[in-house]
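No value in this document is a laboratory result; all are computed from the given coordinates. It should be emphasised that the depicted structure is a prediction, and the values quoted were computed from it without experimental measurement. Positions of Cβ are generated from backbone atoms using ideal geometry, with glycine treated the same way; all protein chains shown enter the neighbour counts.
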Amino acid sequence: MTNQLETAKEWLADLNKIIDKTDNECTRKKRDVLEWLVESVEWSEDDLQVNEMHYDKSGLNLKLGGQTAKLFLSTLVDLFEINGGKNFLTMTVHQNEIKYAITIQNQNGIDTPSEKLERLEKQNQIYKQALELVEDELEYAKTTGNDEVRDMYIKNSIRFINEALEREG
């Protein structure tokens, strides 16, 4: 717990820098609560419980217990909201000359960068497949020399694009 407490203190120092820039009375009150929380953890380390910790596709997942953890997490959410967080609030923590970023994310907000990238890559793949079909159709339409047949292939190409868009949705 000592390393975690030291990390929390460093995090608080970084938060203070961020919060000081806002120069907001409400934000200062939240900072005071967070400072109190860190001090409380120092004398009640046994109250902070790590009930579950695992790493999966979505990242590191922690389930914390105890009053201290509830107050700490509630304060972080308040900091997120007070500072105008819509999707993310990222803080930097320094430990042993290594910088770490800690991010609070509104799970009901917009996609994370990796989620957005994954979604756009899938969308791009659908468009590439539709484009390949359209290119094949148009290439063949050129060889027919018949305007009516060419128009039919162009309509098919448009249908392929529309089907690709429907699959995406």
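With r defined as the distance between the Cβ atoms of N106 and E35 and R0 fixed at 30 Å, what FRET efficiency is calculated, to the nearest 0.05?
Details: r = 25 Å, r/R0 = 0.82.
Efficiency at R0 = 30 Å is approximately 0.75.
So if each residue of separation counts as 0.36 nm, and I subtract the Cα-Cα distance between E6 and L62, what length gain in nm does that give?
Working: separation 56, 0.36 × 56 = 20.16 nm, distance 1.86 nm.
Roughly 18.3 nm would be gained on extension.
Semi-axes of the equivalent ellipsoid of the stretch 55-168: what are they in whole Å, largest first, if each equals the square root of 5 times a C-alpha gyration tensor eigenvalue?
Numbers: eigenvalues 557, 42, 28 Å².
Result for the stretch 55-168: semi-axes of 53, 14, 12 Å.
Return one quarter of the surface area of the convex hull spanned by the alpha-carbon atoms of the stretch 121-169, equal to its mean projected area, in nm².
Details: hull surface 11.6 nm².
That works out to 2.9 nm².
What do you get for trypsin sites (Lys or Arg not before Pro) in the stretch 72-169 restricted to DSSP loop and a cutoff of at most 11 other Cβ within 10 Å of the site's Cβ?
Numbers: sites: K86, K99, K116, R119, K122, K128, K142, R150, K155, R159, R167; in loops: K86.
Answer in residue order: K86.
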